[in-house]
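Presented below is the structure to which this report refers.
The values are calculated or read from the model by the stated rules, or taken from the named source; none is laboratory data. Just so it is clear, the structure is predicted and the values come from calculations on it, not from any experiment. Note that we place each Cβ from the backbone using ideal geometry, even for glycine, and neighbour counts take in every protein chain shown. Only protein heavy atoms, including side chains, enter the accessible area calculation; ligands, DNA and RNA are left aside. Shrake-Rupley method; radii C 1.70, N 1.55, O 1.52, S 1.80 Å.
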Amino acid sequence: MVHGDFMIFVRRVLFLSFFVASLCFVSCTKKVSSAESITLVMAEVNPEGTISSRMDKAFQEKVEELSHGKIKIDLQVGGILGDEYNIGELMKKPKSSIQLERISAFMLASEGCQKSSVLTIPFMFSGREHFWKFANSSYADEILNEPYEKGIGVKGLFFGEEGFRHFFSTKPLSGIADFKGMNLRITPDDVMTGIAKGLLANPVSVNFGDLFMALQTGKVDGAEQPIANYLANQFHKVAPYMILDGHTLGVTEVIITSECWDSLSEEQRNILLQAGKYAGEVCKKISQEVEEESKKKLEADGVHFADAGDLSLWKEAAKEIISKHSQAEPKLYESIQNLAY
């Protein structure tokens, strides 16, 4: 059995075991009191030790601390429960066996959340400090509430980030010209599709769990990830070339099913929100540190990092998607941009 098939088999076995076990958990389908003990299942696609999984862990521990153990978070990392998209689809359905998920902001943008799509605009944030000013602003609350208000079936709790995202490839990269004709794995959303086309690459949709094999077999030539995730998922073993273009910040958020949120008491909701603020602060503290450590390890392992050069060329390649998504919510876009000053 090849590596990819074996991993798919393992994930399916683990998921089946989880599904059976989840039948024993208290359901979030009816109103519960603060006195009741509940268990909420949380999914994370990245493995232990990554920025996001460490943020999740901080959230888990703080929830249990603030609730005095009455709210437990069953955190499942490493994509055991499936990829972001499939879990997200499950969470929108009644009586979901998964109540919480850490997702990429790109995911809700593809669900028609125009405010969320602002966060995915290329070169939206000038740096980490700019982002964290936003994450602690009223504009963040506005975006977190959007899917709930739209009736999509989920609600955002808090934001995090995984560092700026960069393209990597199985072939040497030195500039924009190298992307012409490249089969580039991107998330299936309008923004990333637009960036790929602007680079004259061929956008290809591949499940995150299958990306290593797709790179190894040549199905795709490249993809994009923050540096820490690139290392954690071992993509550099098959695609050792990365160009530091920083086209978007890896904005993430933790979501909860609307059904579960509606079932919680005010006290329980506040506990989740307070724990979310704490987890966000943990993320802010470790993200830069983890990225720098990851880059050193990758360089020692033979990864070739290239400077992106003049970013105006990259912005020009992405100008259509920047224009389209900034015009969808012009006031919100301008307000968040102004936080940089």
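At a glance:
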{"item": "Counting DSSP beta bridges with both ends in the chain, the antiparallel % (nearest 5)", "result": "60"}
{"item": "Long-range HN-HN contacts of G79 with modeled amide H, under 5 Å", "result": "E44, V45, N46"}
{"item": "Cβ charges +1 (Lys, Arg) and -1 (Asp, Glu), total dipole of the range 239-333, debye", "result": "180"}
{"item": "Heavy-atom accessible surface of the chain: percent carbon and sulfur, 1.4 Å", "result": "53"}
{"item": "Positive-end extreme of charge dipole, the chain - chosen from V220, L244, L119 (charges on Cβ)", "result": "V220"}
{"item": "Local electrostatic count, G163, Cβ distance below 9 Å [Lys/Arg +1, Asp/Glu -1]", "result": "-1"}
{"item": "For the range 243-341, accessible area per residue (1.4 Å probe, heavy atoms of protein chains only), Å²", "result": "50"}
{"item": "Signed unit charges on C-beta, dipole axis of the range 67-190, positive-most listed residue P94, S67, S104", "result": "S67"}
{"item": "Summed residue charge, Cβ within 11 Å of M42's Cβ, Lys/Arg positive, Asp/Glu negative", "result": "-1"}
{"item": "Local electrostatic count at Q99 - Lys and Arg +1, Asp and Glu -1, tallied over other residues with Cβ under 10 Å", "result": "-3"}
{"item": "Accessible surface, per residue, of the range 159-214 when the full set of protein chains is kept, probe 1.4 Å, Å²", "result": "37"}
{"item": "Span-rule helices in the chain, defined as complete DSSP H runs reaching 20 Å or more along the axis (Cα) with Kyte mean at least -0.5", "result": "3-22"}
{"item": "Compactness relative to 2.2 N^0.38 Å, alpha carbon Rg of the range 85-239", "result": "1.10"}
{"item": "Helix-only mean residue ellipticity at 222 nm for the chain, each DSSP H run of n ≥ 4 adding -39500 (n - 2.57), per residue, nearest 500", "result": "-14500 deg cm²/dmol"}
{"item": "Accessible area in the full protein assembly, largest first, 1.4 Å probe, for F131, F123", "result": "F123, F131"}
